[in-house]
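The values are calculated or read from the model by the stated rules, or taken from the named source; none is laboratory data. Keep in mind that what you see is a predicted model, and the values were worked out from it rather than measured. With ideal geometry, Cβ positions are generated from the backbone for all residues, glycine too; neighbour counts draw on all protein chains shown. Remember, those area values only see protein heavy atoms, side chains included, never the ligands or the DNA or RNA. Shrake-Rupley method; radii C 1.70, N 1.55, O 1.52, S 1.80 Å.
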Amino acid sequence: MRRSGTIIIRGIVQGVGFRPFVYACADSLCIRGSVTNLGSEVVIHAEGEHFDDFLKSIRKGPPLSVIDEVIVLPLEGVISDRFLIMESGAGNLSGMIPPDIAICDACIEDINRINGRYSGYWATSCVDCGPRYSVIRALPYDRIRTTMDPFSLCPACEEEYWSPDFRRHHAQTIACGSCGPSLTLMDPKGLHMPVSDPIQRAAELLDAGKILAIRGIGGFHIACTESSAERLKLLLGRTEQPLAVMAEKDTAEQIAIVTKDDAGWLTSPARPIVILEKRDHSAHETISNLHTIGLMLPYTGLHHLLFKHLKAPLLVLTSANVPGDPMITEIDTAMSRLMGVVDYFLTHNREIQNRCDDSVVRDGLIIRLSRGLAPKRTRIDLGTKSILSVGPELNANTTLYRDGFCITSPHVGNIKNPSTARYLEETVGRLRGLTAITPDIIACDAHPQFLSTRYAKELSESLGAELISVQHHRAHIAAATRERCVGIAIDGVGYGDDGNVWGGEIFVGQAPEYSRAAHLEEVLMPGGDAATEHPERMLYGILPTPEVLELLTSRGWNDIASSALSHQVSRKFNCAKTTSTGRVLDAASALLGICCLRTYDGEPAMRLESVATGGRTEDWDLEFLESGGMQLLSTRSLMEDALSRYLPLREESSLIQRRGVADIAASFQHNLAAGIAILAVSVAEEEGIPRAALSGGVCYNRMIRSTIWNKLREHGITPVINAGYPLGDGCISYGQTIIAGSR
């Protein structure tokens, strides 16, 4: 039985209240000694009769911690006659700071307590909640290395900070209305409004139909009530794009169908936006014209106080940045970019060190990995070399690897925007600073023209690191599983080995080697990216027939435009070749008249799915082709089937048309998914592989995902999805890292 030892604890042990937790355990068991932060690990010197019980207790860790390793060594140093929390020092940087955490129930009680110290204080937090990643400058995690450093503690906060009798013992973000960050309400000219309670006044303005920019934990949001949602969309130039909303739990359950899993996500410490099915698909159309709505619960003291004063049951709360751009963090930037859009600004004076957008989840699957979920730390053995992966072009993030762990950053955005490319570099710099990683290998997308690829090349040259390019869809499969598998990668776009646009791919293999085994039929994209923006062009690229041209003419295409499109396709002039599943869905959406102009990323396919929820599925005859020794699913044949069913509907009543379109939309998705599954089953049976990995943004479509999933199971094949990472391009940097580390 041991009576003493030096204990080293590694993992996510910074910013989680580990030192006060250890202190409380020591105090309860009469242990003498000390605890300190050294870099990103905790070092404990301990002695006492109940040492083994103490060791057992601290192995559990506080709620937000993740313990990787506990090392017990012979006691070093002189032991005090009591237990002390010592000053932090430099040391190992193997761990990571946790993500920002939603305000806990105890802190909510504090801000609602009449005449309490924290009554009505918007930035209330404790050791179990509040900002972490967004405020940290460096490790070890102490107030002096966060953006809370400028706010000196008042005597009352000082007492709580140092006393083990309080919940905020060594809480680095402790603050109150007397000493902490403060709120300011500003008019459109940037002038401070002299109000006694900025939150109450902001709520009154929102109820009056005003639009506000609100500075939160990780950046600015734009807020308004439902009555102003349509005006906000017009001002932003996003008339069709759905907006996220914030509401309290009771309201959320009235608006949408909330499953047990959904409720778990909504109330989790991460508090992501959860995509839910509306109870009434036609309700709240000014917010979302889909059958779904993105909803989150209040996650800061500021939010809870707003809802305490609001009369409206919900708030539109959308990121203030242009989609794909970085979050806006500074008031000057917000005022210059949002002038003419918002009526007032509610801001605070705490610096946002690391910007962070809201995370998004649907059906328990992560769409955007960000606030509350990232930085994400994953245990995985990829060898001894350090790796940096910079991700794809769209919906990018970055991943670092060292000593058995990957750390993936929060969502960065679309790297084709120069400002977001700079943000990628900024994020890489911040994470490298927090982890002290100098990569031996840098991985990037295989596309030679991506800004992220150029950045990876420049960085590899400056650091003397090996550069490895990874094909987009192989990274998708590697992110799903490291086991040998059949890989199903279905999305909108990815640079293929042949220089064409891939996106409907079946692979076979194991990281780092995946062979392309089957795919969707290769079709034309007339005008390249123009076919993405105008999916009727994509329709004609798949099905260049007189019937389609006649359909386009009936919708307003003039003779010149129709003739130009026809000549372009027949001569294959400026026509990219693609196997993209996303583009096929876009074309089906255009065929059925659901969406003929894309105004935001994924719109045609999302609206197709929304219409299809009211439809009945019918099995169609699928046509398979062969090319280059691979089996192909004919998407031309699928489109012909859809067209033959759609054209007669034009003569029917509007009610019959709506029902017919819904049935065709549902059947198209179902048969496309069934065809993809058949390709995968064929490869799996030929190779004798019992598992198939699914990845790619199309997998968020519930009908397509479930159809593929069920077809695989019918044939004894186990479907695999990595629910810890996005199915879309937010998993690419992680997959790049796995492939680079497996070579």
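Residue-by-condition table, conditions (1) under 32 Å from the mean Cα position of the chain (by Cα); (2) assigned to a loop (DSSP other than H, G, I, E, B); (3) surrounded by fewer than 17 Cβ atoms within 10 Å (Cβ to Cβ):
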residue: Tyr161; (1), (2), (3): no, no, no
residue: Pro164; (1), (2), (3): no, yes, yes
residue: His169; (1), (2), (3): no, yes, no
residue: Thr173; (1), (2), (3): yes, yes, no
residue: Thr184; (1), (2), (3): yes, no, yes
residue: Ser196; (1), (2), (3): no, yes, yes
residue: Ala202; (1), (2), (3): yes, no, no
Matching helices (runs of 4 or more DSSP H) fully within the stretch 433-540 where at least 3 residues are among the aliphatic types (A, V, I, L, M) and within 26 Å of Ile407 (Cβ to Cβ):
451-463, 472-480
Just one listed residue, out of Leu679, Leu672, Leu655, Leu712, is of a type in the set (A, V, I, L, M, F, W, C) and under 27 Å from the mean Cα position of the chain (by Cα), and it is Leu672
Do any residues in the stretch 173-189 that are free of Cβ contacts under 8 Å to residues at least 40 places away in the same chain have Cβ atoms under 9 Å from those of residues that are open to solvent by 30 Å² or more (accessible area, probe 1.4 Å) and in a loop (DSSP other than H, G, I, E, B), where the two are at least six apart or on different chains, and which pairs are they?
Ser178/Arg117; Cys179/Ser152; Cys179/Leu153
Search result, residues across the stretch 298-313 that are buried (at least 23 other Cβ atoms within 10 Å of the Cβ) and of a type in the set (A, V, I, L, M)
Leu302, Leu305, Leu306
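Just checking: which of the strands (runs of 3 or more DSSP E) contained wholly in the stretch 302-419 hold 3 or more residues that are within 16 Å of Pro726 (Cα to Cα) and touching a residue at least 12 places away in the same chain (Cβ under 8 Å)?
360-362, 365-368, 376-379, 405-408
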Restricting the stretch 121-152 to residues that are within 19 Å of Met86 (Cα to Cα) and in a loop (DSSP other than H, G, I, E, B), which is farthest from the chain's Cα centre (by Cα)?
Asp149
For a quick check of your reading of the model, give me the residue pairs whose first member lies in the stretch 59-76 and is open to solvent by 40 Å² or more (accessible area, probe 1.4 Å), whose second is of a type in the set (Asp, Glu) and modelled with pLDDT of 90 or more, with beta-carbon atoms closer than 9 Å and at least 6 apart or on different chains.
Pro63/Asp128; Leu75/Glu47
Scan the stretch 109-138 residue by residue and report those that are in contact with a helix residue (DSSP H, G or I) (Cβ under 9 Å, 6 or more places away or on another chain), open to solvent by 30 Å² or more (accessible area, probe 1.4 Å) and either hydrophobic (A, V, I, L, M, F, W, C) or over 18 Å from Arg19 (Cα atoms) (or both).
Asn112, Arg117, Ser119, Gly120, Arg137, Ala138
Does the stretch 265-280 contain at least one residue that is in a helix (DSSP H, G or I), crowded, with 19+ Cβ neighbours inside 10 Å and within 23 Å of the chain's Cα centre (by Cα)?
yes
